[in-house]
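K.L.:
Okay, handing you the structure first.
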Amino acid sequence: MADTLVAPHEAEHDPHLRHHFANADQQLDSATLGMWTFLITEVLFFGGMFTAYVIYRSLYHDAFAATSMVMNVPLGGINTGVLICSSLSMALAVRAAQLGQRKAQIISLLLTMFFGVVFLGVKAYEYHEKYIEHLIPGPNFQFPEAPQYFHNAQILFFLYFAMTGMHAVHMIIGLGLLTFLLIGAYRSKYGPTYFTPVEMIGLYWHFVDVVWIFLFPLLYLIGHTK
Amino acid sequence: MSTLTDNKHEVTHGHIPKVGTLVAVWATLIVLTFCTTAASYLELGEFNIVLAMAIALTKVSLVAWIFMGVRYSTSLTRLFCIAGLLWLVIMMIVTSSDYVSRGWQYQAQPWSHAASGGDSK
């Protein structure tokens with residue numbers, strides 16, 4: 001194996017290629033694997049809350065179904081669409097970085113951030129709506145639509161705020177990461193030979209979309225036929 | 001495994017997806033969002049949740065396969081994705097099995113009702 005060790009400061013090597021990697025492909029594969037490992041921890045982090053949802057929903061099936069009456073389905077649906085659009089613009093940003101198209105990259109990143117902000121704005125409006133309607137679990141909780149489920153419906157609203165809240169926190173972190181990418185794109189940092197940060201933050205952004213794809217049917221659409 | 005000599009002329013790496021592919025995935029995801037919303041108003045009984053989860057899994061698979069590039073990734077990365085899902089399933093099944101089986105011990109033990117307590121003092 002000694003023959004694979006070459007002089008590290010050979011002339012004109014890629015400045016983005018770290019010395020402990022054999023080549024750019026290996027470096028990208030390693031970064032991708034590391035990012036997926038992080039995303040698996042995220043899957044299990046959200047998975048804990050999804051497990052709680054599965055158990056309480058099986059225990060209090062009818063109470064959970066009753067809460068769909070007070071969920072804002074159009075806004076939830078619009079937010080799903082907004083997130084899907086942001087995933088497309090993120091994928092286009094990665095593509096623009098791979099092709100070294102600086103302008104397309106900046107526009108795609110700005111679009112992704114715009115969709116992210118729209119999502120959070122709609123979410124904030126929904127939270128305010130829940131606050132006005134006394135649907136935040138606790139001493140001020142009211143559920144006149146189905147008073148027999150007063151206690152068990154609060155479990156769903158607790159899960160609703162915990163899950164969408166953690167999702168929103170991930171969105172806010174994502175917007176910070178996108179700002180970082182935008183500055184890099186503005187300074188022409190990413191191109192065909194080096195686009196790892198764009199691709200990795202893209203993976204994170206798509207993961208946040210994946211979480212919402214499960215949250216939308218589970219929180220908004222469970223009891224319309226009851 | 002890795003060769004150091006023949007990578008000097010390599011300019012680009014990674015797979016560059018076509019714009020058409022990305023837009024097609026986006027359109028499918030939007031259509032499936034309408035489908036899942038419409039399906040929730042159909043009277044299907046317990047099958048409602050099965051359909052909703054089937055559509056959600058299809059959407060997530062599309063996002064992972066194309067947007068997240070699992071299609072173009074290494075076998076090791078794919079193995080990690082499957083491992084993540086496996087651990088999620090283990091967590092859900094083991095936790096659920098506890099809740100499902102909690103009432104069983106009282107049915108299984110005929111002597112359990114004899115120990116009513118209260119007059120032990």
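The values are calculated or read from the model by the stated rules, or taken from the named source; none is laboratory data. Owing to the predicted nature of the structure, the values given are computational and were not obtained by experimental measurement. Cβ sites come from the backbone with ideal geometry, for glycine too, and all protein chains shown count toward neighbours. For accessibility, only protein heavy atoms count, side chains too; no ligands or nucleic acids. Shrake-Rupley method; radii C 1.70, N 1.55, O 1.52, S 1.80 Å.
K.L.:
How many residues does region A:167-185 contain that are of a type outside the set (Ser, Thr, Tyr) and open to solvent by 20 Å² or more (accessible area, probe 1.4 Å)?
P.N.:
Total satisfying the criteria: 9.
K.L.:
Looking only at region A:100-124, count how many residues are touching a Phe, Trp or Tyr at 6+ places or on another chain (Cβ under 9 Å) and assigned to a helix (DSSP H, G or I).
P.N.:
Matching residues across region A:100-124 total 6.
K.L.:
If I ask for residues that are more than 7 Å from chain A (Cβ to nearest Cβ), surrounded by 13 or more Cβ atoms within 10 Å (Cβ to Cβ) and either under 15 Å from residue A:78 (Cα atoms) or free of Cβ contacts under 8 Å to residues at least 12 places away in the same chain (or both), which ones from region B:24-36 would you list?
P.N.:
Taking region B:24-36 first, the residues more than 7 Å from chain A (Cβ to nearest Cβ) are B:24-25, B:27-28, B:31-32, B:34-35.
Then drop every residue that is not surrounded by 13 or more Cβ atoms within 10 Å (Cβ to Cβ), which leaves B:24-25, B:28, B:32, B:35.
Correct list: B:24, B:32, B:35.
K.L.:
How many residues are more than 13 Å from residue A:221 (Cβ to Cβ), open to solvent by 60 Å² or more (accessible area, probe 1.4 Å) and in a loop (DSSP other than H, G, I, E, B) if we restrict to region B:40-54?
P.N.:
2
K.L.:
Name every residue in region A:42-64 that is in contact (Cβ under 8 Å) with a residue 40 or more places away in the chain and under 12 Å from residue A:218 (Cβ atoms), in order of residue number.
P.N.:
Result: A:46, A:49, A:50, A:52, A:53, A:56, A:57, A:64.
K.L.:
Here's a follow-up. I'd like the residue in region A:186-199 that is more than 9 Å from every other protein chain (Cβ to nearest Cβ) and assigned to a loop (DSSP other than H, G, I, E, B) and, out of all such residues, is surrounded by the most Cβ atoms within 10 Å (Cβ to Cβ).
P.N.:
A:190
K.L.:
Does residue B:93 meet the test of being part of a helix (DSSP H, G or I), over 30 Å from residue A:98 (Cβ atoms), in contact with a Cys (Cβ under 8 Å, 6 or more places away or on another chain) and at pLDDT 90 or above?
P.N.:
Against the criterion (part of a helix (DSSP H, G or I), over 30 Å from residue A:98 (Cβ atoms), in contact with a Cys (Cβ under 8 Å, 6 or more places away or on another chain) and at pLDDT 90 or above), residue B:93 does not qualify.
K.L.:
Still on this structure: Being under 23 Å from residue A:29 (Cα atoms) and touching a residue at least 24 places away in the same chain (Cβ under 8 Å) is the filter here, so list the residues in region A:163-187 that pass it. Please lay out each step first, then the result.
P.N.:
Within region A:163-187, the first condition is being under 23 Å from residue A:29 (Cα atoms), and the residues that meet it are A:174, A:177-178, A:180-181, A:184-185.
Listed by number, the residues that qualify are A:174, A:177, A:178, A:181, A:185.
K.L.:
Mind checking which pairs have a first residue in region A:135-151 that is without any contact (Cβ under 8 Å) to a residue 40 or more places away in the chain and a second that is assigned to a loop (DSSP other than H, G, I, E, B) and open to solvent by 90 Å² or more (accessible area, probe 1.4 Å), Cβ under 9 Å, 6 or more apart or different chains?
P.N.:
Short answer, once both residue conditions are applied: A:150/A:142.
K.L.:
What number of residues in region A:136-154 are open to solvent by 40 Å² or more (accessible area, probe 1.4 Å) and not charged (D, E, K, R)? If you could, list the steps in order and put the result at the bottom.
P.N.:
Step one: of region A:136-154, the residues open to solvent by 40 Å² or more (accessible area, probe 1.4 Å) are A:136-137, A:139-140, A:142, A:144-145, A:147-152.
Checking the rest, the ones that are also not charged (D, E, K, R) come to A:136-137, A:139-140, A:142, A:144, A:147-152.
Result for region A:136-154: 12.
K.L.:
Go through region B:55-87 residue by residue and tally those that are out of contact with any Pro (no Cβ under 6 Å at 6 or more places or on another chain) and either outside any helix (DSSP H, G or I) or open to solvent by less than 50 Å² (accessible area, probe 1.4 Å) (or both).
P.N.:
17
K.L.:
Among what's in region A:200-221 and is of a type outside the set (Phe, Trp, Tyr) and within 7 Å of chain B (Cβ to nearest Cβ), pick the residue that is farthest from residue A:159 (Cα to Cα).
P.N.:
A:203
K.L.:
Of the residues that sit in region A:36-75 and are more than 17 Å from residue B:92 (Cα to Cα) and of a type in the set (Gly, Ala, Ser), which one is modelled with the lowest pLDDT?
P.N.:
In this case the residue turns out to be A:68.
K.L.:
Moving to a separate point now. Which of the following residues is open to solvent by less than 40 Å² (accessible area, probe 1.4 Å), free of Cβ contacts under 8 Å to residues at least 60 places away in the same chain, touching a helix residue (DSSP H, G or I) at 6+ places or on another chain (Cβ under 8 Å) and within 30 Å of residue A:195 (Cβ to Cβ): A:92, A:75, A:88?
P.N.:
On the way: A:92 fails: open to solvent by less than 40 Å² (accessible area, probe 1.4 Å); A:75 fails: within 30 Å of residue A:195 (Cβ to Cβ).
Of A:92, A:75, A:88, the one residue that is open to solvent by less than 40 Å² (accessible area, probe 1.4 Å), free of Cβ contacts under 8 Å to residues at least 60 places away in the same chain, touching a helix residue (DSSP H, G or I) at 6+ places or on another chain (Cβ under 8 Å) and within 30 Å of residue A:195 (Cβ to Cβ) is A:88.
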